[in-house]
Every structure is written in structure tokens, then in C-alpha cells.
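Only the coordinates and a few stated rules stand behind these numbers; no lab work does. Just so we're clear, the structure is a prediction, and the values are computed from it rather than from any experiment. Here the Cβ positions follow ideal geometry from the backbone for every residue, glycine too, while neighbour counts run over all protein chains shown.
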């Protein structure tokens with residue numbers, strides 16, 4: 001019976017393990033290894049220790065590009081947490097009260113999440129076009145023509161505008177996750193709090209929000225991963241160099257350019273590119289693992 | 001919770017405002033798809049003078065959207081089928097069986113949730129080349145299926161774990177084998193989770209353009225998002241055609257969402273805990 005059980009476990013697990021090992025683990029481990037070798041084009045040369053990392057941090061123009069892109073990722077994460085996820089939480093708290101039309105609202109809010117970032121990016125690029133775009137035209141019609149500007153063309157506004165476009169696409173996602181978390185709270189808990197004389201605000205603050213901790217943790221982790229994986233939106237809207245003047249450059253674009261070469265500079269360095277990948281990899285592993293451990297500890301038995 | 005509150009009108013206003021923010025751009029996109037470029041520039045907010053399908057036929061035939069959509073359907077369907085089958089089997093083992101290395105394997109799969117597989121694009125490119133899979137749809141299917149497993153296993157293992165412990169013992173006492181317990185007892189109970197996994201993977205796979213960008217060269221093998229970037233470069237000044245292309249690209253996934261959203265929302269709200 002023990003041996004039979006072992007065979008069954010292998011039967012259930014082996015296909016997934018093999019597929020995952022071949023096309024995820026092996027390539028990622030190879031990517032880590034690549035960062036320790038010297039490269040000429042796509043030809044691998046000798047072992048180079050930390051040479052690629054040293055060049056990334058000391059050789060022009062890499063340090064400046066790296067720091068520039070990193071802070072842009074951080075800004076995207078912070079802005080997304082504040083704007084998108086707080087909006088999602090507020091919408092979920094409202095929807096959880098089952099207002100008129102709640103089902104339709106839920107479906108509508110989640111709709112843009114299904115759209116490709118290629119569609120979303122191109123669509124808003126047309127809306128935000130400085131001359132023909134509907135945004136500036138509407139500002140003009142509302143007597144706010146002074147506010148009209150090339151939103152995606154000015155370094156000061158480009159990244160924030162992109163983050164807002166991204167939030168437009170994603171806001172339904174945290175809404176649905178928070179709402180599911182609230183709905184999973186047994187009514188008894190809420191009734192008990194109300195019988196004890198708690199106001200609706202106190203019920204929300206002292207019962208709903210603490211029990212929502214797992215959902216919050218999931219959203220924070222996913223937002224972090226999403227923010228540091230930014231690629232499609234800036235690539236589609238601003239090009240591979242993060243126009244204007246690298247104001248929308250993020251680590252994903254920098255990695256892609258370093259690995260595959262840049263049209264304007266012809267710069268290609270697989271060694272340094274792999275070093276960037278390793279640093280992104282480390283940041284994501286540390287934050288995600290910490291989050292997952294926290295989540296497992298906070299898992300509350302309900303039911 | 002109660003729907004009677006003096007704040008309710010304010011809440012309704014917030015919901016309505018957000019719904020408008022979501023729908024207005026999509027409505028604008030759909031309307032512009034029927035206009036001429038001159039109309040879009042001169043009367044951006046008005047209805048089309050003539051409801052013409054010319055823009056769409058140009059996109060469908062000239063810009064080869066029919067072919068791109070077909071490729072996207074093949075890649076997405078195959079990838080999701082593999083994720084569901086292999087993911088459910090692995091999650092059942094991880095979620096319902098205690099064995100040495102369970103936690104390790106679970107975290108091993110979860111590591112894929114945290115690590116962006118695109119960081120490994122150079123080794124993947126070389127791997128696909130060595131396997132002779134470059135410029136084939138298989139290169140996309142394999143990478144999507146493999147990188148979709150972590151989220152599937154994360155979601156499904158969680159659901160399997162919430163099922164009562166007595167279920168397995170009861171089925172075992174009744175003499176059911178492992179496969180019967182998995183396929184007949186457990187799988188039906190996690191069906192809402194399977195729907196979530198499907199939607200969760202379907203959308204990113206359908207929408208991805210990074211891997212086609214690197215793996216696919218032939219125009220007749222391009223998926224929709226990759227085809228669209230070429231299309232946008234080609235028709236850059238022809239806004240009517242651009243809006244028609246955007247609308248046409250959005251229609252399949254929006255239609256699918258309208259059909260699946262009920263399942264999706266029911267799956268999330270029904271909850272295995274109280275179901």
C-alpha cells in the first residue's frame with residue numbers, strides 16, 4: 001500500500017514537475033549562470049566571476065541607467081498601491097454592502113483587466129495624442145485648455161500618466177480579490193460585532209479589515225511583482241528606450257535592451273543583461289518569499 | 001451587510017463614476033471604429049454619420065487579423081488545457097497528501113509565481129532553437145503551459161486544502177482508488193477554482209506579446225498582440241483603421257469575458273468554505 005501510494009504521487013506530480021523543470025527552472029538557472037560568464041555577442045566565453053556585476057555598477061552608462069530605471073519601478077509600485085489598490089478596496093467595501101446593481105458593477109470594473117496591454121497602450125496613446133487626442137480636446141472644451149499638454153511626451157508627466165493608464169486597466173483586479181475576501185467572512189462574525197453595539201465603521205475597521213489581511217498581502221505581493229515586471233505598456237507606448245529621454249525607462253526595458261541590443265546605440269551585452277536579470281530576480285524572490293511566509297502565518301481558519 | 005445607509009447615495013455615485021471611467025473609453029473606441037479619420041478628428045464625441053464596416057473589413061483582410069486571431073486561439077486553448085490537467089493533478093497530490101518533500105515541492109512551484117520567466121529569455125531562446133521549436137506555435141504553448149503551472153497550483157492547492165479532511169477517509173473506507181478520489185470526489189468540488197485558473201491563465205496567454213516577439217518570425221504564425229504592433233506601425237496615420245483594429249482585437253476577449261464572468265464571479269463568491 002505504501003509503495004502504491006508512492007507510485008500514485010509520482011503519477012500525479014511528475015508531468016507538472018518535468019514540464020516546469022524543463023521550461024522554467026532550467027532556463028532561470030541558466031540565466032543566473034550566464035551572469036557569471038564573459039560574453040561576445042551571443043557567444044559565451046570564459047568564467048568571469050562578478051565581472052558583469054562590477055561593470056553594471058561602475059561602467060558608464062550602466063549605473064545611471066540602472067538607478068534611473070529602478071526608481072521608476074519603485075514609483076510605479078507606490079503610485080499603484082495608493083491610487084489603484086486603495087480605489088479597489090473602497091469599491092470592494094461598497095460592493096460588499098450589496099448596493100443596487102452590484103453584480104453589473106463588479107463585471108464592468110473587471111472588464112479592462114481582460115484587455116491586452118497592447119490594446120490598452122495603443123488606445124490611450126491615441127486618446128493622449130497631443131494634437132488629435134480626445135483628452136486634450138475635452139480639456140479645451142471644458143475651458144481648461146491651459147492644462148492640455150503632451151502627457152506622454154513630457155518627462156515630468158509621462159511615467160505618472162502611464163501608471164494611471166495601467167491602473168485604469170487593473171483596478172478591477174484588487175476590487176474582485178478584496179470583495180471575495182470580504183464575502184468569505186462569515187456573517188456570524190459581523191452580526192456578533194453588531195450585537196455588541198459596534199457601528200458599521202467599527203465593524204469594517206475591527207472585523208472586516210483584519211480578516212482581509214490575506215487578501216491585502218496577496219495584492220501587495222502581486223502589485224510588487226507586476227510593478228517590477230513592467231514591460232509591455234512602456235514598450236508599446238514609449239518604445240524600447242523609455243521615451244521621452246528615458247523618463248519611462250524601467251528595469252524590464254533596460255534588461256531587454258541590454259540583452260537584445262538597442263536600435264540607436266547598438267549596445268548589446270548579454271553578461272550585463274544577465275546581471276540585471278539576477279538583481280531583479282533577487283528583489284522579487286526576497287519580497288515574494290517574505291510575503292508568502294507572512295501569508296501562511298496569517299491564514300485564519302474560518303468555518 | 002446592510003444596504004440601508006445614509007451614505008448609500010454617495011456610494012452609488014462613486015460606483016457610477018467608476019463605471020463611466022471604465023466604459024467611456026471603450027465606447028469611444030467602438031464608435032470611432034465606424035467613423036472616418038476626418039470624423040474622428042472633427043467630431044470625436046459624436047456618433048458616426050454613416051455606420052460603415054469598411055474599417056473592419058480592411059483590418060480583417062488587409063491587416064490579416066483573421067490569421068492572427070486563429071493563431072491566438074490555438075496557442076491559448078492548448079496551453080490552458082495542459083495547465084488545467086497537469087496543475088489539477090499536482091495540486092491534488094500537494095493539497096491532500098502529506099509526504100516528505102511536500103512543502104519543498106509546493107514552494108518549488110510557487111517560486112515560478114514570483115520569478116518572471118521573461119528574465120530567462122536568452123536561455124529560453126537557445127533552448128527553443130536547440131529543440132527546433134523556434135518560429136513554431138509549440139514554442140509558445142510549452143512556455144505558457146510551464147509558466148502557468150505555478151498560479152494554477154497556488155490556486156488549486158489552496159482549494160484542495162479547504163475541503164474537509166473526512167472526504168478522503170470516507171471515500172477510502174468506501175474502497176475508492178486514488179484516481180477515483182481525485183477525478184470523481186475532489187475535482188467536482190474544486191470546479192469553481194478550475195474556472196478561476198482558466199480565466200486567470202487564459203487572459204495573460206491570449207494577451208502576451210513578449211514571447212511571440214522573441215520566438216515568432218513568420219507573419220503567418222503571429223498571434224494577435226504581436227500582429228497588432230506591426231499593424232500599428234503600418235497604419236500609423238489612419239486612425240479610423242487603428243480604432244477598428246483595436247475594437248476587433250478587443251471583441252473576442254470581451255465576448256469571452258461576458259460569457260465567463262458569471263462563472264468567474266460565482267466561483268469567487270460561492271467559496272469552497274461554505275459551499
Per residue of A:96-103, what is the mean number of Cβ atoms on other protein chains within 10 angstrom of that residue's Cβ?
-> 4
Jot down the per residue volume, in cubic angstrom and as a whole number, of the convex hull over the alpha-carbon atoms of the stretch A:54-140.
-> 177
So the angle from the long Cα axis of helix B:224-234 to the longest Cα principal axis of chain B, reported in degrees to the nearest 10, equals 20
Find how many whole Å separate the alpha carbon centroid of the stretch A:61-94 from the alpha carbon centroid of the stretch B:129-143.
-> 34
Bins of 20 Å, starting at 0 and running to the largest distance - Cα pair percent for the protein assembly as shown = 19, 52, 27, 2
Please tell me the relative contact order of chain B in percent, rounded to the nearest whole number, where contacts are Cα pairs under 8 Å and at least six residues apart.
-> 31
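Taking the highest mean first, how do the peptides B:140-153, B:51-64, A:91-104 order by number of other beta carbon atoms within 10 angstrom per residue? Let's see the in-between values first.
Values: B:140-153: 25.9, B:51-64: 15.6, A:91-104: 17.4.
For the peptides B:140-153, B:51-64, A:91-104, the packing ranking is B:140-153, A:91-104, B:51-64.
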Ranked A:72, B:97, criterion: other C-beta atoms within 10 Å, fewest first | B:97, A:72
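What average count of beta carbons from other chains do you get within 10 Å of the Cβ of residues in A:24-36? Write down the numbers at each step before the final one.
Working: counts 14, 7, 5, 14, 9, 2, 6, 8, 3, 1, 4, 0, 0.
What the average comes to for A:24-36 is 6.
Mind checking B:203-209 for the average number of partner chain beta-carbons within 10 Å of each residue's beta-carbon?
Values: counts 4, 2, 0, 2, 8, 4, 7.
So the per-residue partner count for this stretch is 4.
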Obtain the nm distance between the two label points defined at residue A:131 and residue A:202 by a simple spin-label model: each point lies 7 Å from its Cα along the Cα-to-C-beta direction.
-> 6.3
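Taking only the Cα atoms of chain A, how large is their convex hull per residue, in Å³?
Hull volume normalised by residue count: 208 Å³.
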Rough spin-label spacing in nm, given labels placed 7 Å along Cα→Cβ, for residue A:102 and residue A:10 | 5.1
Please give the helix B:8-32 orientation as an angle from the longest Cα principal axis of chain B, in degrees from 0 to 90, rounded to the nearest 10.
-> 60
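Per residue of chain A, what 222 nm ellipticity follows from adding -39500 (n - 2.57) for every DSSP H run with n ≥ 4, rounded to the nearest 500?
Numbers: 16 runs with 195 residues, N = 303.
Calculated at 222 nm, the ellipticity per residue is -20000 deg cm²/dmol.
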Helix B:65-96 vs. chain B, principal-axis angle (Cα, 0 to 90°, nearest 10) | 20
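Based only on other Cβ atoms within 10 Å, what is the fewest-to-most ordering of A:30, B:72, A:241, B:169? Don't skip to the end; give the middle numbers.
Numbers: A:30 16, B:72 27, A:241 19, B:169 10.
The order, fewest Cβ neighbours first, is B:169, A:30, A:241, B:72.
Starting with the fewest neighbours, write out B:74, A:221 ranked by other beta-carbon atoms found within 10 Å of each beta-carbon. Before the final figure, lay out the partial values.
Values: B:74 15, A:221 21.
In order of increasing Cβ crowding within 10 Å: B:74, A:221.
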In deg cm²/dmol, rounded to 500, what helix-only [θ] at 222 nm does chain B give when every DSSP H run of at least 4 residues adds -39500 (n - 2.57) and the total is split over its residues?
-> -23000 deg cm²/dmol
Taking just the C-alpha trace of the stretch A:1-127, give me its Rg and Dmax in Å.
-> 24.2, 67
